[in-house]
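Read the structure below first, then the notes.
The values are calculated or read from the model by the stated rules, or taken from the named source; none is laboratory data. Quick caveat: nothing in here was measured; it's all calculated off a predicted structure. Here the Cβ is made from the backbone with ideal geometry for all residues, glycine too, and neighbour counts use every protein chain on show.
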C-alpha cells in the first residue's frame, strides 16, 4: 500500500511541480496540489501503471482526491484481478 | 427600483425569509439568515476600518462564507475586488497596488501565500480557523449586531474585476451597482429565471459570470448550490440529488464533464429537473452540443457571448440552436449590438466588423487608466452623450441579425475561460535566466478555447530543459497561464532594421513547426 502511495506521490510531483510533502490523507483538490485536470490524469496514470481498470462508479472525488483512498481502491482492483 | 444587489437582498429576505438561499458541502443558509450574516459581517468590516468606497480584495475558495464576504463588502459601501486564489505573488501584488486595496479577505488555507501582503493591505480571514494574528469574520460576526447601513446609489462603484487585455498587466474593470442589478434582471429575463430555480454553480465567484448566478438568486429568490467541479460523477449526483434546474457552464467545463476517458454513464442519472444549460466564454462545438443533448435530453441550451467590459452582449434563444448552431445570437435585453466597419458605419449582413455594444451592461471603464479606457470605452456620433464598448472582436451578423464570432482583432488569448495577454506569459518566460527572447501565441483547441504556446530563444543557443523551464513557470504562474507548448528557436527573425524580432514571423514559423494553421480569420462555419 505504501509503495502504491509512493508511486502516486512521485507522479503528482512530476506532473505538477509540487515539491513539498504530500500527506496520504489530505484532499489534494482542497489543498490545491492538483486541479480538476490533474485528477483525471492521475486516474488514467493509476490504471495504466498498476494495470487495473477503474469503473464509472470509482471515478468520484471521495476515491481519487486522497492518495490513501486511491491506493486502497487500486489494491481492491488488483485483488479483483487475482 | 433596486439598482443594487443589497436592495434586492433586502426585498428577498423580507419576502422569502425561510427560503434556502445558498447551499454548499459545508452548510446552507436561508435568505433571512444570509441577510443577518451579511449585515453583521458588514458591521465587522466597518469596525475593522473599512470605509465607504474602499477597495476590498476577496481571495477565497468557493464557500458560503465567500458569498457572505462578497455581499458584506457591498453592504459596507465598499468595492469588491476578486482575486483568483490560484494567482501567484506578482499578480496579486499588481492587483493590490493598482486598486489601492484597503483590505483583503482571505481564508486560512491561503494565509501562507498572502501573508507577505500584510504590509501593504489589511488581512482579514473570512473562512476557516481562528488565528491570533488576523481578524476572523465568522467569529467576529457572532458578537456583533447586524447593521444595514448600505447607502450607495446605482452609479456608485460596486466591484473591480481584473481582466487581461492583449498587452501589459491585467486592467481593473470598474462596475457600478446598477450594472450588477441590471445584469441580474437581464439574464433572468432571457433565461426565465424564477423563484423555483435551483442553480448549480460550478463557476467561480471571482468573475462576473459566476457572480451573476449569486445576483440572480438574490434577485429572484431561487437557491444557489455551490459546487467545485472535479469529477463529472460527483456533479451528476449533485444535479440529481439537489434537483438542479439551471446549469451555467463554459466550453472547458463541458469538455471536462464529458471526458470520455472517465467512461461515465450519464443515462443512470435523473436530470429531469434540468430546465436549461447556458454557455459562454468560447465556441460551443457540435460535439459539445451533442454531448449535452445526449446526457440531458430535452433541456434548453443557450449559447451566449460577452466581454467583461459590458458583462454580456448576446444570447441565442434556445429554440434557434439547431438552425443556427454556430451563432452566439442576438443582443441581450436593454442592450444593442452593432457591427461596425473601420469608418464606424454599420456593416451589411455577412460583412465582418467590430462588435460594439451600448446599453445597460456597459461598465464604467478601467480603474485609474484613462488611456486604456479611452481606447475601449468610446463615443459614437450616432449616440451623442453615450459611452459604448468597442470590443476588438471581429464578428458578423446574418440576415436575421444573429451574431457570429470570427476572431479577436488583437493577440489576446482565451484559454479555459480566462483572458491571458501574451505579454504576461512572455514576461514570466523571460524571467528564466537562460531565456533571451520570447513570443507567446494562441493555439486553437476547441476543448478549452485556446492553448498557449511560447517560442523562445536562449542565451546559450541550446534549448532549455523542458522540465526545468516548465517547473520554473509553474511556480510563478497560475496553471491556466503556463504554456502547453514551448518551442526553442536558435534565433528569431528580425523586423526591418530596428533590430526587434518579428513577432508575426515567429508565430507563423511556430505554427508551421507545429503543423497547424493559425487560429483566426476564416468565417466561422
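If you check residue A:54 against the conditions, is it at the interface with chain B (Cβ under 9 Å from one of its Cβ atoms), farther than 24 Å from residue B:61 by Cα and surrounded by 15 or more Cβ atoms within 10 Å (Cβ to Cβ)? So residue A:54 passes the test.
Within region B:352-397, the only residue that satisfies the criterion of being assigned to a loop (DSSP other than H, G, I, E, B) and within 15 Å of residue B:409 (Cβ to Cβ) is B:352. When region A:10-33 is filtered for residues that are in a helix (DSSP H, G or I), in contact with a helix residue (DSSP H, G or I) (Cβ under 8 Å, 6 or more places away or on another chain) and either at positive phi or surrounded by fewer than 19 Cβ atoms within 10 Å (Cβ to Cβ) (or both), the ones remaining, listed by number, are A:11, A:15. If I go through region A:59-80 residue by residue, how many of them are over 11 Å from the mean Cα position of the chain (by Cα) and more than 9 Å from chain B (Cβ to nearest Cβ)? Of the residues in region A:59-80, 6 are over 11 Å from the mean Cα position of the chain (by Cα) and more than 9 Å from chain B (Cβ to nearest Cβ). Being surrounded by fewer than 19 Cβ atoms within 10 Å (Cβ to Cβ), touching a helix residue (DSSP H, G or I) at 6+ places or on another chain (Cβ under 6 Å), under 27 Å from residue B:192 (Cα atoms) and not assigned by TED's automatic domain parsing to the domain that holds residue B:176: is that true of residue B:360 here? Considered against the rule, which asks whether it is surrounded by fewer than 19 Cβ atoms within 10 Å (Cβ to Cβ), touching a helix residue (DSSP H, G or I) at 6+ places or on another chain (Cβ under 6 Å), under 27 Å from residue B:192 (Cα atoms) and not assigned by TED's automatic domain parsing to the domain that holds residue B:176, residue B:360 comes out as yes. Residue count for region B:478-511 satisfying the condition of being surrounded by fewer than 19 Cβ atoms within 10 Å (Cβ to Cβ), part of a loop (DSSP other than H, G, I, E, B) and away from every other protein chain (no Cβ under 14 Å): 10. Could you tell me which residue of region B:203-218 is nearest to the chain's Cα centre (by Cα), considering only residues that are more than 14 Å from chain A (Cβ to nearest Cβ) and in a loop (DSSP other than H, G, I, E, B)? My answer is B:207. Elements of the type helices (runs of 4 or more DSSP H) sitting completely within region B:219-337 and holding at least 1 residues that are modelled with pLDDT under 95, surrounded by fewer than 19 Cβ atoms within 10 Å (Cβ to Cβ) and away from chain A (no Cβ under 14 Å): these cover B:286-296. Residues in region A:27-51 that are within 11 Å of chain B (Cβ to nearest Cβ) and under 19 Å from residue B:62 (Cβ atoms): A:27, A:28, A:29, A:30, A:31, A:32, A:34, A:35, A:36, A:37, A:38, A:39. The sole residue among B:90, B:82 that is more than 14 Å from every other protein chain (Cβ to nearest Cβ), surrounded by fewer than 24 Cβ atoms within 10 Å (Cβ to Cβ), closer than 27 Å to residue A:35 by Cβ and within 18 Å of the chain's Cα centre (by Cα) is B:82.
Tell me which residues, restricted to region B:93-123, are within 14 Å of chain A (Cβ to nearest Cβ) and either closer than 21 Å to residue B:164 by Cβ or in contact with a helix residue (DSSP H, G or I) (Cβ under 9 Å, 6 or more places away or on another chain) (or both). Correct list: B:106, B:107, B:113, B:114.
Is it fair to say residue B:344 is outside the structural domain of residue B:95 (by TED's automatic domain parsing), modelled with pLDDT of 95 or more and in contact with a helix residue (DSSP H, G or I) (Cβ under 7 Å, 6 or more places away or on another chain)? The answer is no for residue B:344. Working only within region B:410-435, note down all residues that are more than 17 Å from residue B:504 (Cβ to Cβ) and surrounded by fewer than 17 Cβ atoms within 10 Å (Cβ to Cβ). If the condition is that a residue be more than 17 Å from residue B:504 (Cβ to Cβ) and surrounded by fewer than 17 Cβ atoms within 10 Å (Cβ to Cβ), then B:430, B:431, B:433, B:434 are the ones that fit.
Scanning region B:1-12 for residues that are in contact (Cβ under 8 Å) with a residue 12 or more places away in the chain and assigned to a helix (DSSP H, G or I) gives B:5, B:6, B:7, B:8, B:9, B:10, B:12. Are any residues in region A:34-59 within 20 Å of residue B:253 (Cα to Cα) and either touching a strand residue (DSSP E or B) at 6+ places or on another chain (Cβ under 9 Å) or assigned to a loop (DSSP other than H, G, I, E, B) (or both), and if so, which ones? Listed by number, the residues that qualify are A:34, A:35, A:36, A:37, A:59.
With respect to the conditions (1) farther than 19 Å from residue B:206 by Cα; (2) in contact (Cβ under 8 Å) with a residue 40 or more places away in the chain, residue B:80 falls short on a single one, namely (1).
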